[in-house]
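Okay, so here's the structure we're looking at.
The values are calculated or read from the model by the stated rules, or taken from the named source; none is laboratory data. Keep in mind that this is a model prediction, so the values were computed, not measured. Positions of Cβ are generated from backbone atoms using ideal geometry, with glycine treated the same way; all protein chains shown enter the neighbour counts.
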Amino acid sequence: MTNQQPPASILAGAGPSASPAPTYYQRHIFFCLNERKNGEACCAQNQAQQAFDHCKSLVRAAGLAGPGQVRVNKAGCLDRCAAGPVAVVYPEAVWYSYVDLQDIDDIVQTHLQGGQVVERLLVPAHLGR
């Protein structure tokens, strides 16, 4: 048995003075695509799939997709139904509600590309399910 030190990549971010390890993606945007079969309101009823597809297309076209950049993800229920349809951008944990594809354009251009929050689309903190 040898007493080897773990690779530096594992140690990065391991202590209070260590720098955090670089992330694989700079940002993730998750779209709630949940569909409720019981008739309750859900994001799927509000063209969430279309918004997801549009965002993914815009991110690719802008050259923002891939490692070190942006990942567009599908999600199940994000439990913010009262604000739906919703998407959330991490690592900032910025929650958006959108109405149409122009709103998605604004999120991609302003936040995912420009790094600025789209204030008019923010979900109020108190809105949950």
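Table for the structure above
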| read-out | value |
| --- | --- |
| Strands (runs of 3 or more DSSP E) wholly inside the range 16-110 that include at least 1 residues being over 19 Å from LEU121 (Cβ atoms) | 70-75 |
| Any hit, the range 49-69, residues being at pLDDT below 95 and charged (D, E, K, R) | no |
| Residue ID - modelled with the highest pLDDT, chosen from residues in the range 19-48 that are over 14 Å from ARG80 (Cα atoms) and among the aromatic types (Phe, Trp, Tyr) | TYR25 |
| Output for the range 78-105, where each listed residue is surrounded by fewer than 17 Cβ atoms within 10 Å (Cβ to Cβ) and not β-branched (Val, Ile, Thr) | ASP79, ALA82, TYR90, PRO91, GLU92, ALA93, ASP100, LEU101, GLN102, ASP105 |
| Candidate set: the range 112-129, residues that are part of a helix (DSSP H, G or I) and closer than 21 Å to GLN47 by Cα; chosen: the one farthest from the chain's Cα centre (by Cα) | ARG120 |
| Qualifying position, being free of Cβ contacts under 8 Å to residues at least 40 places away in the same chain and in contact with a Pro (Cβ under 7 Å, 6 or more places away or on another chain), among ALA48, ALA65 | ALA48 |
| Number of the exception - THR2 against (1) modelled with pLDDT of 90 or more; (2) over 23 Å from VAL86 (Cβ atoms) | (1) |
| Test: residue in the range 50-66 that is buried (at least 17 other Cβ atoms within 10 Å of the Cβ), in contact with a Gly (Cβ under 9 Å, 6 or more places away or on another chain) and not β-branched (Val, Ile, Thr) | no |
